[in-house]
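Below is one structure; the comments refer to it alone.
None of the figures in this text is laboratory data; all of them are computed from the coordinates on show. Since this is a predicted model, take the numbers as computed values, not measurements. Note that each Cβ is placed from the backbone with ideal geometry, even for glycine, and that neighbours are counted across all protein chains shown.
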Amino acid sequence: METSLFDLAAQKLEQRTGFSALEARGTLRIAIKAAGLDPKSVKRDELRVVFEKLMPGELERRGVKDTAVICAAVIDELESAPIAESDAPSSSPDDVFRRLSKA
Amino acid sequence: MEESAYIGGICVGIGYLVASARLFRLSLRTHKAPERLLSATLLLWGLSYACWQIPLVLNEESAFRPFYVTGRLLTDAGTIGSALFLRLVFRPNSLFANALVAGIAIGLLVGAGGSAWVGDWESIYPLRNPWWWIEWTAVVVSVAWIAIEGFHSHGMAKLRHKLGICDRMTCHRYLLWGLAGAIWMIYELVYAIQQIEFDVTGSYSASLDALASTLELIPIALIWLVFFPPATYRRWIERSDAKSRVSEG
């Protein structure tokens, strides 16, 4: 089965925090939902924003130290990871509604 | 019915047809399914309005039934188109959405077929024709779906907007889309009351007619603001966003 961006980010979070796989996936899911995004179709640039703006707070709440360093490291790893985006950019509702307004 | 009663219907029909033409023109450039589907939906709804207004303009008794039946079938086809649009754009991989589209389509077909079977071809006698309610329920479900997707997406887009990954206008479009669905729902309620009134008295009251016409006009105005917002409206939304950011900061 193909690894999604979500799976990869959860793996990286697990490695850097010492969370279990379940804890890492759950924390990531909460942060992505809090950003108004769908874990199944989250894109790389959106995930970067999640790790920059929301994840440090989520990790602090769970007693993790050096959250900024951890998040920056995960962002770097995600940026360089050779993984296909889960969804074509032109197919999200935002993109469709934005495109239709050009009629 | 008052002579001017069809003016609102003509305005709504023209609104749908022009919106359909603009989306069709866009689809020729983009070759994307959502614009094709929405263009087809609005075309069907626009043509259905034409079917309802032509007999009123002609004032020809024999023209009513064929035009009304055709208009109703075009509305039903457009309603299936709108459900397909929602599935394609908001829930492309959802089995539940597939089932919902199928349920709406079956409800419309069974309702229309049943109405014809009991002789209510125009589907205007809800008290005598139980099939009427099946068709009506399918329409209500489809417009409720529009409202739910709009409001849910607006809530999610507001969160994205706070983080700077969704622009204000896109966020606002979802709200308008949801409002259009909500007003269509209220319209369907008023329409049911109107039809019951017609079934009992054999005529439509002017006040309910005026209310229904207004409720038909508002959603098409909202659809125009979603997809073809005037520059002044766009600027107003962006200015109000800038103001709220300043007050938050």
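Considering only B:Leu100, B:Leu73, B:Leu28, the Gaussian network model of chain B with Cα springs below 10 Å gives its largest mean-square fluctuation to B:Leu28.
Peptides B:197-206, B:31-40, B:226-235: what's the order by average Cβ count within 10 Å, highest mean first?
The packing order, highest mean first, is B:31-40, B:226-235, B:197-206.
At R0 = 22 Å, how high is the FRET efficiency between B:Thr214 and B:Arg234 if r is their beta carbon distance? Nearest 0.05 is fine. So, using R0 = 22 Å, E works out to roughly 0.30. Across peptide B:152-164, the mean count of Cβ atoms from other chains lying within 10 Å of each residue's own Cβ comes to 4. The Cα center of region B:183-247 and the Cα center of region B:5-45 differ in position by 17 Å.
The charge dipole of the protein assembly as shown, taken about its Cα centre with unit charges on the Cβ of Lys, Arg, Asp and Glu (plus for the first two, minus for the last two), comes to roughly 1200 debye. Express in % the proportion of alpha carbon pairs of chain B at distances exceeding 26 Å. Looking at chain B, the distances longer than 26 Å represent 43 percent of pairs. Taking Cβ atoms as reference points and 14 Å as the exclusive limit, the residues near B:Trp184 contribute a net charge of -3, counting Lys and Arg as +1 and Asp and Glu as -1.
Taking a straight line from the alpha carbon of A:Lys33, these aspartates and glutamates sit under 13 Å away, with near neighbours fewer than eight places off in the same chain left out: A:Glu46, A:Glu58. Taking other residues whose beta carbon is less than 13 angstrom from the beta carbon of B:Ser48, and scoring Lys, Arg as +1 and Asp, Glu as -1, yields -2.
Scalar couplings 3J(HN,Hα) for region B:173-187, obtained by applying the Karplus form with A = 6.51, B = -1.76, C = 1.60 to θ = phi - 60°, are 4, 5, 5, 5, 4, x, 4, 4, x, 5, 6, 4, 5, 5, 4 Hz; x denotes Gly and Pro. Taking the Cα centre of chain B as origin and assigning +1 to Lys and Arg Cβ atoms and -1 to Asp and Glu Cβ atoms, the resulting dipole is close to 1660 debye. For chain B, the relative contact order is 17 percent, taking Cα pairs closer than 8 Å that sit 6 or more residues apart in sequence and dividing their mean separation by the residue count. Here the Gaussian network model covers chain B, with springs between Cα atoms less than 10 Å apart; of B:Ala144, B:Ala63, B:Ala157, B:Ala63 fluctuates the most. With Rh defined as the Kirkwood radius, the inverse of the mean 1/r over Cα pairs, the Rg/Rh of region B:49-95 is 1.28. According to the square roots a ≥ b ≥ c of the eigenvalues of the Cα gyration tensor, what is the shape class of region A:1-82, taking rounded for a/c under 1.5, prolate for a/b larger than b/c otherwise, and oblate for the remainder? Here region A:1-82 falls in the rounded category. Paramagnetic label reach from B:Thr137 (point 7 Å along Cα→Cβ; backbone nitrogen cut-off under 20 Å): within region B:38-70, no residues. Assuming charge only on the beta carbon of Lys and Arg (+1) and of Asp and Glu (-1), the dipole of region B:75-197 about its Cα centre is about 780 debye to the nearest 20.
In region B:1-137, what is the volume of the convex hull around the alpha carbon atoms, normalised per residue and reported in Å³?
Hull volume normalised by residue count: 112 Å³.
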